[in-house]
Amino acid sequence: MAANEIAGKETAPAVTGASETAATAVIGVAGAGPADARGGTSVSLRGLTRVFGQARALDQMSLEIAAGELVALLGPSGCGKTTALRIVAGFEYADAGEVLIDGKDISGVPAAKRDMGMVFQSYSLFPNMNALDNVAFGLRMRKVGGSARRKRAGELLEMVGLSAQAGQYPHQLSGGQQQRVALARALAIEPRVLLLDEPLSALDAKVRQQLREQIRSLQQRLGTTTLFVTHDQEEALSMSDRVGVMRAGRLEQVAEPARLYARPATAFVAEFVGTMNRLPAELGGGGTAVTALGVTVPVQEGGPSSGPVDALVRPENLTVAAAEGGNGIVSGRAFLGAVTRVAVLLSGDTEVSVDVPSPAAPAMSPGTAVQVGLPGTPVLVAPRKA
Amino acid sequence: MPFAYRSVDAGLRALDLKTLTEASSSLGAGRVVTLWRIILPNLTTALLSATVLTVALVLGEYTMATLDLTQTFPVWIVVNDQVSAQVSVASSLLALFVTWLVLMLITLLGTRQARRRGGGEVALFTAAAPQTIGN
């Protein structure tokens with residue numbers, strides 16, 4: 001009996017919290033105007049800096065996320081992407097900079113009052129509650145009555161395709177199912193922003209693929225502004241409206257996936273996203289043209305304009321043809337389905353990968369002399385690696 | 001104390017406290033609500049284990065009590081042993097029976113809870129479940 005008493009008293013502060021956030025939500029929508037009346041929330045990170053001892057986890061990071069957009073933060077581990085997400089969630093504070101939600105600074109608002117749904121990397125379901133109660137927890141904190149709460153939680157479980165598992169406890173669910181319940185739980189509170197912290201990294205490939213599509217279609221249907229952190233480029237490129245590539249606490253480039261792949265702004269982005277060949281090259285024409293493989297092509301902006309450089313070229317942008325006395329020898333090949341990736345050893349010990357249509361691949365057996373060519377499209381250059 | 005500590009500590013280790021707390025607060029729960037609704041319910045098994053241990057130890061405690069000149073049940077039995085063997089044996093058996101009953105009850109209760117929630121059985125030492133995930 002004492003238990004109920006304490007619980008009753010304890011939930012009292014949460015009530016005021018909920019009504020406060022509700023109030024700010026109303027103000028936010030009113031401020032955003034009728035165009036965003038569907039509840040889309042914009043997020044902007046301005047000059048976020050976070051220092052852990054000697055390391056700068058975040059260094060003057062700024063990012064604008066439009067209402068209803070899904071933006072992925074992509075980067076190697078330790079690049080600060082998770083720190084950025086945790087600052088938005090309110091679990092971490094920034095040493096400098098601010099987070100604006102619908103133009104309003106939320107730095108002083110505790111995590112519990114931010115109205116953000118979060119899905120974690122590790123399984124985060126409450127072990128003492130079944131799936132339905134887990135999903136309903138956020139609604140309970142918002143004082144939604146018992147039957148309305150169960151109804152809404154049931155709807156959300158149905159949305160993620162787990163109605164049948166409503167009564168099961170987390171330990172009875174598979175990893176993929178747990179993450180889907182976690183997603184339903186995060187969405188149940190109709191969050192202003194959905195935060196995904198590598199939610200798929202603990203799952204096996206097939207489940208990951210399915211869940212990726214499910215998250216994206218749900219996000220688009222609900223129009224929830226989403227920030228998604230991942231180190232898996234395939235995930236970032238296939239799910240997002242825009243991808244921000246991070247390195248050492250800074251955003252290197254923020255762009256649509258196709259643009260990021262085709263026109264990387266820096267050598268780091270170029271080599272982090274997709275496969276990139278480095279070809280020894282000579283700059284000419286005052287840094288506007290570059291010669292590689294005996295071909296001179298225009299230089300794409302973003303690299304150095306003098307000094308020793310490498311030209312960065314995607315495997316599908318190189319050509320290869322069997323030729324006696326060509327400039328390279330096939331050293332290996334890997335069948336990838338529609339294309340076959342052929343590894344060619346060029347004179348000067350440079351190995352490059354070239355994608356050829358699989359029907360043309362049988363001619364490229366290892367040991368074959370080939371001619372690798374470079375079409376005339378602009379290429380990115382990067383300082384030569386020592 | 002050390003026994004209770006060990007048991008509760010193992011229970012705490014088996015939980016991913018950081019993530020659970022963060023998940024709970026992102027859903028709008030304050031600290032005390034989190035402790036009450038999330039952490040404590042998940043520690044019931046560990047707490048019951050601690051109780052089993054403590055009850056078992058306390059009911060059998062003689063040494064400290066007799067040194068303290070405190071009249072506990074075990075001490076009383078020993079004192080009465082010198083007066084009447086029959087009373088002493090009878091009360092010893094009674095003590096044994098009561099202890100057994102209490103432990104049985106706690107274990108039954110705990111195991112039923114644990115089975116529902118997928119935790120371990122209530123035993124003298126609760127083993128920490130292996131972490132399901134690294135970082």
Restricted to segment A:123-133 and to residues being at pLDDT 90 or above and over 20 Å from residue B:32 (Cβ atoms), the residue nearest to the other protein chains (Cβ to nearest Cβ) is A:125
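Residue by residue, here is whether (1) modelled with pLDDT of 90 or more; (2) among the aliphatic types (A, V, I, L, M); (3) closer than 22 Å to residue A:85 by Cα; (4) touching a helix residue (DSSP H, G or I) at 6+ places or on another chain (Cβ under 8 Å) holds:
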| position | (1), (2), (3), (4) |
| --- | --- |
| A:143 | no, no, no, yes |
| A:180 | yes, no, yes, yes |
| A:196 | yes, yes, yes, yes |
| A:203 | no, yes, yes, yes |
| A:212 | yes, no, yes, yes |
| A:236 | yes, yes, yes, yes |
Filtering segment A:208-244 down to residues that are aliphatic (A, V, I, L, M) and within 11 Å of the chain's Cα centre (by Cα) yields A:227, A:229, A:236, A:237, A:239, A:243
Within segment A:245-283, the residues that are part of a strand (DSSP E or B), of a type outside the set (A, V, I, L, M) and within 16 Å of the chain's Cα centre (by Cα) are A:247, A:250, A:252, A:253
Out of (1) among the acidic types (Asp, Glu); (2) touching a strand residue (DSSP E or B) at 6+ places or on another chain (Cβ under 9 Å); (3) more than 14 Å from chain B (Cβ to nearest Cβ); (4) free of Cβ contacts under 8 Å to residues at least 60 places away in the same chain, the one residue A:102 does not meet is (4)
| Flag if residue A:72 is touching a strand residue (DSSP E or B) at 6+ places or on another chain (Cβ under 8 Å), at pLDDT 90 or above, under 28 Å from residue B:33 (Cα atoms) and surrounded by 20 or more Cβ atoms within 10 Å (Cβ to Cβ) | no
Cβ pairs under 8 Å, 6+ apart or interchain, first in segment A:145-160 and farther than 25 Å from residue A:213 by Cα and without any contact (Cβ under 8 Å) to a residue 24 or more places away in the chain, second assigned to a helix (DSSP H, G or I) and among the charged types (D, E, K, R), ordered by first then second residue, are A:149/A:140
The residue from A:68, A:40 that alone is more than 9 Å from chain B (Cβ to nearest Cβ), on the phi > 0 side of the Ramachandran plot and in a loop (DSSP other than H, G, I, E, B) is A:68
Consider residue A:122 carefully, then state whether it is touching a residue at least 60 places away in the same chain (Cβ under 8 Å) and either under 23 Å from the mean Cα position of the chain (by Cα) or in a strand (DSSP E or B) (or both). yes
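Can you pull out the residues in segment B:12-34 that are hydrophobic (A, V, I, L, M, F, W, C), surrounded by 15 or more Cβ atoms within 10 Å (Cβ to Cβ) and more than 8 Å from chain A (Cβ to nearest Cβ)?
Passing the criteria: only B:14.
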Under 19 Å from residue A:310 (Cβ atoms) and not β-branched (Val, Ile, Thr): does that describe residue A:246?
no
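The values are calculated or read from the model by the stated rules, or taken from the named source; none is laboratory data. All values reported here derive from a predicted model rather than from experimental measurement. Every residue, glycine as well, gets a Cβ built from its backbone with ideal geometry; the counts of neighbours run over all protein chains shown.
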